[in-house]
Amino acid sequence: MQLRFGTNLTSEQYVSQESWRNATLERCPLHGEKRCGFRAHGTYGRKGPSGVRIARYYCRKGRTTFSLLPDFAAARLSETLAEVEETVELVESASSLLAMVTLLPELFGIAPRLAAVRLRLGIESDLLVRLRAVGASKLHALQIPLGFCQRSRSGAVIGTQPQHKVGPDPASHCR
Ligand SMILES: [Zn+2]
């Protein structure tokens, strides 16, 4: 299961400071305590950005691995969210952005285009990184790469693997 590691660091700063060491969980997200066999579970390297490692925890009772994904990193992609944003700007039809806008009507009102959302937030770039923080409570309902939810084209949740060693982040259940 992917969880948000809220940070303002760029991927370069995150790597040079080895900030995955600061990505900690005090309690099991499933059980709210540690007696379920909750413990740190090392780190794994992402394909990109270069040098990025992700802190992991494991709950023995729930047989679930938790990965703490820093805000700059796109879920299930090796690019940073800033790089994804450049692509989205070209496409302007990213379903995760539209879903975010739909989920946060109090902030955006109607479904605007990227430029309008940036204007509303008073920023010129890194919109997706900001949106991950703004929509932190919705990340498990939002599609990758902004959120942590992955569905097949039919709408079914794609199977999850409780443990993995290296490679892309595991898909999470959509909630
Ligand atoms: Zn637990």
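Placing unit charges on the Cβ atoms only, positive for Lys and Arg and negative for Asp and Glu, gives segment 1-82 a dipole magnitude near 560 debye about its Cα centre. Potential lengthening of the chain between A82 and E26 amounts to 17.2 nm, from the contour at 0.36 nm per residue minus the alpha-carbon distance. Within the accessible surface of segment 14-61, defined with a 1.4 Å probe on protein heavy atoms only, the carbon and sulfur portion equals 42 percent.
The values are calculated or read from the model by the stated rules, or taken from the named source; none is laboratory data. Being a predicted model, the structure only gives us computed values, none of them experimental. Because the Cβ atoms are built from the backbone with ideal geometry, glycine has one as well, and the counts that use them run over all protein chains shown. These area figures cover heavy atoms from the full protein model, side chains too; ligands, DNA and RNA do not enter into them. Shrake-Rupley method; radii C 1.70, N 1.55, O 1.52, S 1.80 Å.
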